[in-house]
Amino acid sequence: MMDAPLVESHGRRVTCDDGVVELAWLGDSLAVALAGGAVRLDGPGSKKVVAVHRRAILSACAHPDGCSIVTGGDDGFVRRVALDGDVSDLGCFDRKWVHALISSAESGAVVAAVGREAVVWSGGSAKPIHSFAFSSTIGGLSLDAKGKRLAVSHYNGATVLYPLVAASGRVRLDRAGSHLACVMSPDSGYVITALQETGLHGWKLPAKTQLSMNGYPAKTRSFSWSHRGRWLATSGSVNAIVWPFTGKNGPMEKEPLVLGGRSDTIITQVAFHPTGEHLALGHGDGAVSLVRLDDGAALLIDAPDQSITALRWSKDGKKLAYGDEGGRVGILDMSIRA
Amino acid sequence: MSRIPVTVLTGYLGAGKTTLLNRILTEDHGRRYAVIVNEFGEIGIDNDLIVDTDEEVFEMNNGCICCTVRGDLIRIIEGLMRRKGKFDAIIIETTGLADPAPVIQTFFVDEEVRARTMLDAVVTVVDAKNILARLDDSHEAEEQIAFADVIVLNKTDLVTADELEKARGHIRLINAQARIHETQRCAARIDDVLERGAFDLDRVLEIEPNLLGEDDHEHDQNITSVSLSSEREIDPKRFMPWLRELTSKQGKDILRLKGIIAFPDEPKRFVVQGVHMLLEGDVQKDWRPDQARTSRIVFIGRNLDRTALQQSFEACIARP
């Protein structure tokens, strides 16, 4: 007999009206950005749904203050929603879509991808401080661990710059093609992008040595670094593909770990535990699982439903939240003793 | 998951594309369309479902030299899927000077776009008054006709019967299989134009190859159609390698191809379509009992050698 999914004994599920776009932990509370334009705030003792955007939310991230969420919509607005439900405008970009949002609690930076521009807020500013223009639409954004360096992927490569410095120089990383999601290593030593044709391309900095990681059946949309950046987990295959970044050449000429697949469904989301070597996986069939890196042992956290679209650990690593296309949100609480 | 139908709307500058789009957006037809446009200002209708974009064409790194796709469309369609249930179909307007190939190719090569949407038809608005001059001076005007499944031949009130006949004749030379609707001020019936279904493939079956005027050399036509048919069944083991080789060698010149093919012992019709070097084929619905199992294939492109195509197609006939 199959064991019941772990969320049933060690957590709870919530059903929202729209698909889940992104999740953000604000201390002990969870903010859920929903495709219909609303944010659900789920905290101890208070639960509410706040209408934020007129149309779809396309992107969201935790605000550096740790107690509000920043959302970007296809109505051209960037807004901030505090835990008490208070909504304020951070920017309006007319008919442009706000495609990606990232932030760093360490540097206080918030960066939005709005068409061909990377727009920056800093130190809790209510308006953008400046923006960086690119010659094509931005595919993805990533900050290093200190939040000081920004990687921006676009057509024909990626660019690294200092987002908080208006006159920042730019390091160009060239490679033909359309580069979608991107990720920078915590120490800013590597930039990895996901390609339209599937597979990954990377550069080791500062030498710009190129690396290429192929064999993915679907586009990679989710990346996650393990504690101290030793491993990079990636989605886009039926298994989680986990590349080693130890040693001076990173993943070059090394085999990745191949973990946690469920027959033929593609892994859509990956999230390393913030301190341990466990990897949470969201699957295309809606299942959520947890695998241990050293032996690949897997635990089922939730059963199949709709495709998983977001997966986030709380900062202390005690809770894991996930959401799917249909509006199911699950919260696994590791501190519950069964 | 049901796939959302997509209509691509093309047409040279001034042909009446915006008029048609406005008609679609304002008429009461009970359908909700998400519309992807390049110049929002031209539409003049505010609607939550109008998305403004810049055409961003890039080359795929897949070894296929003419395989360009529209990156902006991939992103927008992904974003629109967040609003699932809020609209029934998508219309993509291209700029007047655009080559339609990258748009169509986007729907062939991006797996996620394919999983969520299906290309319904390429609709081209043509100005009856200026078409002949445009065909002489514009490469794009000709390609837009070549790629069409449906042609809205507009401004028929501004031409004489003779001029209209000439315009029709030229369109037929370039594209023998598109459905033509003649209109004034783009007053076409919406359901003649939108959601025609499956690239309007059944139309291929209706073409009489012998009626095509391939000997009409009055105008020096660049793009032409070649339509081939066979009453005898086709051997899949010869047919697919033939098409693959043909498109890999002449893909640059073949703008579109469509075929409905009868294979021996196969109750279903094999449907194949292509854009430049990209091919896609599948067995679809059954041949009707009253339908002759005639295989047909239409090529639209440049430098097409009818005799060579016919001979090589006939070499694919299954031998008993």
Can you give me the Kirkwood hydrodynamic radius for segment A:229-283, using every pair of distinct Cα atoms, in Å to one decimal? 11.6
How about B:LYS237: which aspartates and glutamates have a C-alpha closer than 14 Å to its C-alpha, ignoring those fewer than 8 places off in the same chain? B:GLU245, B:ASP265, B:GLU266, B:GLU314
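Which GluC sites (Glu not before Pro) in segment B:218-264 pass both tests, a DSSP loop state and at most 13 other beta-carbon atoms within 10 Å? Walk me through the numbers on the way to the answer.
Working: sites: B:GLU218, B:GLU231, B:GLU233, B:GLU245; in loops: B:GLU218, B:GLU231, B:GLU233.
The qualifying sites are B:GLU218, B:GLU231.
Remind me, relative contact order of segment A:187-338 in percent, using alpha carbon pairs under 8 angstrom and six or more residues apart? Walk me through the numbers before you get to the answer.
Working: 381 pairs, mean separation 19.8, N = 152.
It comes to 13 percent, rounded to a whole number.
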re segment A:110-200: pairs of Cα atoms spaced beyond 16 Å account for a percent value of 49
Kindly write out, for segment A:155-169 in residue order, the coupling ³J(HN,Hα) from the Karplus curve 6.51 cos²θ - 1.76 cosθ + 1.60 (θ = phi - 60°), rounded to whole Hz, with x marking Gly and Pro. 4, 6, x, 9, 9, 10, 8, 9, x, 8, 10, 4, 9, 3, x
Could you list which residues have their amide H under 5 Å from that of A:SER59, counting only those 5 or more apart in sequence or on another chain, with H placed in the peptide plane? A:GLY72
Averaged over residues of A:295-308, the number of beta carbons from other chains lying within 10 Å of each residue's Cβ is 0
Straight-line reach check, A:LYS48, cutoff 26 Å on alpha carbons, 8 or more apart in-chain or any other chain, hits among lysines -> A:LYS315, A:LYS318, A:LYS319, B:LYS84, B:LYS86
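How high is the relative contact order of chain B, given as a whole-number percent (alpha carbon pairs under 8 Å, six or more residues apart)?
Values: 622 pairs, mean separation 55.5, N = 320.
Relative contact order for chain B comes out at 17 percent.
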Starting from the amide H of A:LEU205, placed 1.01 Å from N in the peptide plane, find each other amide H under 5 Å away whose residue is 5 or more places distant or on another chain. A:TYR190, A:VAL191
How well do other chains shield peptide B:75-83, expressed as the mean number of their Cβ atoms within 10 Å of each residue Cβ? 6
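Take every Cα pair under 8 Å in segment A:1-98 that's 6+ residues apart, average their separations, divide by the length, and report that relative contact order as a whole percent.
On the way: 214 pairs, mean separation 17.9, N = 98.
Computed value for segment A:1-98: 18 percent relative contact order.
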Please give the net charge around A:ASP316, taking every other residue with its beta carbon less than 13 angstrom from that of A:ASP316, where Lys and Arg add +1 and Asp and Glu add -1. +2
Cα atoms only, segment A:7-137: Rg and Dmax in Å? 14.6, 51
Would you list which lysines come within 23 Å of A:LYS248, measuring only between C-alpha atoms, while excluding same-chain residues fewer than 8 positions from it? A:LYS146, A:LYS148, A:LYS204, A:LYS208
Give me the net charge of A:HIS273's neighbourhood, meaning all other residues with Cβ under 12 Å from the Cβ of A:HIS273; Lys, Arg count +1, Asp, Glu -1. +3
For chain B, Cys with no neighbouring Cys Cβ under 4.7 Å: B:CYS66, B:CYS186, B:CYS316
Give me, ordered by chain and number, the residues 5 or more places off A:ALA181 or on other chains with an amide H under 5 Å from its own placed amide H. A:ALA194
For residues of A:50-61, the mean tally of beta carbons on other chains within 10 Å: 2
Total charge of the residues flanking B:ARG114 in space, meaning their Cβ is under 10 Å from its Cβ, with Lys and Arg +1 and Asp and Glu -1, is -2
Using only the alpha-carbon atoms of segment B:1-136, report the extent along each of the three principal axes, biggest first, to the nearest angstrom. 41, 40, 23
Estimated Rh, chain B: Kirkwood, alpha-carbon pairs, angstrom: 20.3
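Any read-out appearing in this document is the output of simple, stated calculations on the displayed coordinates, not a laboratory observation. All values reported here derive from a predicted model rather than from experimental measurement. Every residue, glycine as well, gets a Cβ built from its backbone with ideal geometry; the counts of neighbours run over all protein chains shown.
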